[in-house]
Amino acid sequence: MIRKRIYKFRRFFNYILSRMLITYVELVYYTSKITIKGRADLLSINKEKYIFGYWHGDTFALYPLMKKIKDDVKFVIITTENIRGNYIDFTCKHYNYLTFRLPDVPVQGNLIFKMRKFLKNEYDLALALDGPMGPIYQPKLLVFKLAQFLNRKIVPINVKVLHKYIIKKRWDKYKFLLPFNHIEYFIGEPIDINANILKDNKSLLINQTKESR
């Protein structure tokens, strides 16, 4: 009973946190110049579906992008099933995106099958390449397994921010965006993940996103 009350309280707290975050995201969005370069066409509704990858430390920067393109593409955002993922879930739903929640531990095969059923080849997928626990700037093997299993190409998102505060004590060097900013997103070329050249694909993925560090 006490545990249930604690869970409800933490969930409510995460809801309040998400409302505060949304308000701040709106402030950043309306006071900043936002540009999208590269393969911006991939952020429109396309017949082919992709996996969009970004670094975990750039998670905040994803929210202004969500707001800008929310009428152009259907996204499912992968986040942790841990209670700390609640505020991300609330925030994504505010911008009309779906979330699929995974455990922090290695994912079992049945969850990947559930994900494929959930996507129904109707939604693009977005995830942190090095999330949820790092190490920083090292793509998880799950990313490549998903790409192969779902038969999707990975599209790297490079983020450049003029004004930011970096939380250096966090493993992901989380970038907290400031208002009156210039946020630039570069959408890379889709990368076809082939098991025979997995190492090359990993290097290519890192190189295409390294400028966001």
Q) Magnitude of the Cβ-charge dipole of the stretch 2-212, K/R +1 and D/E -1, about the Cα centre, nearest 20 debye? A) 900
Q. At a Förster distance of 30 Å, what's the computed FRET efficiency of Arg84 paired with Ile166, Cβ-Cβ distance as r, to 0.05?
A. 0.90
Q) What are the aspartates and glutamates whose alpha-carbon lies under 16 Å from the alpha-carbon of Lys70, with same-chain residues fewer than 8 places away excluded? A) Glu26, Asp41, Asp89, Glu122, Asp124
Q.
Name the residue from Leu111, Ala126, Leu65 whose Cα lies farthest towards the positive end of the charge dipole of the chain, charges +1 on Cβ of Lys and Arg and -1 on Cβ of Asp and Glu.
A. Leu111
Q. What nm value, rounded to one decimal, do you get for the distance between Asp41 and Asn207 when each label is placed 7 Å out toward the C-beta?
A. 2.4
(Q) How far apart, in nanometres, would the label points at Thr23 and Glu189 be if each is projected 7 angstrom from Cα along the Cα-to-Cβ direction? (A) 4.6
Q. Which whole-number percent gives the relative contact order of the chain, counting Cα pairs below 8 Å spaced six or more residues apart?
A. 29
Q: Mind listing the long-range amide H neighbours of Leu98? Cut-off is under 5 Å, sequence gap 5 or more, other chains count too, H placed in the peptide plane at 1.01 Å from N.
A: Phe75, Ile77
(Q) Give me the extension gain from Arg10 to Lys70: residue separation times 0.36 nm, minus the current Cα-Cα distance, reported in nm with one decimal. (A) 18.8 nm
Q: Would you please name the trypsin sites (Lys or Arg not before Pro) within the stretch 1-66 that are DSSP coil residues with at most 13 other C-beta atoms within 10 Å of their C-beta?
A: Lys47
Q: Would you calculate the separation in nanometres between label points at Leu111 and His182, each defined as 7 Å from the Cα along the Cα-to-beta-carbon direction?
A: 4.1
Q: Estimate the FRET efficiency between Arg3 and Leu141 by the formula 1/(1 + (r/R0)^6), using the beta-carbon distance for r and 35 Å for R0, to the nearest 0.05.
A: 0.55
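Values quoted throughout were computed directly from the atomic coordinates according to the rules given, and no laboratory measurement underlies them. All values reported here derive from a predicted model rather than from experimental measurement. Reconstructed Cβ throughout: ideal geometry from the backbone, glycine too, with neighbour counts over all protein chains shown.
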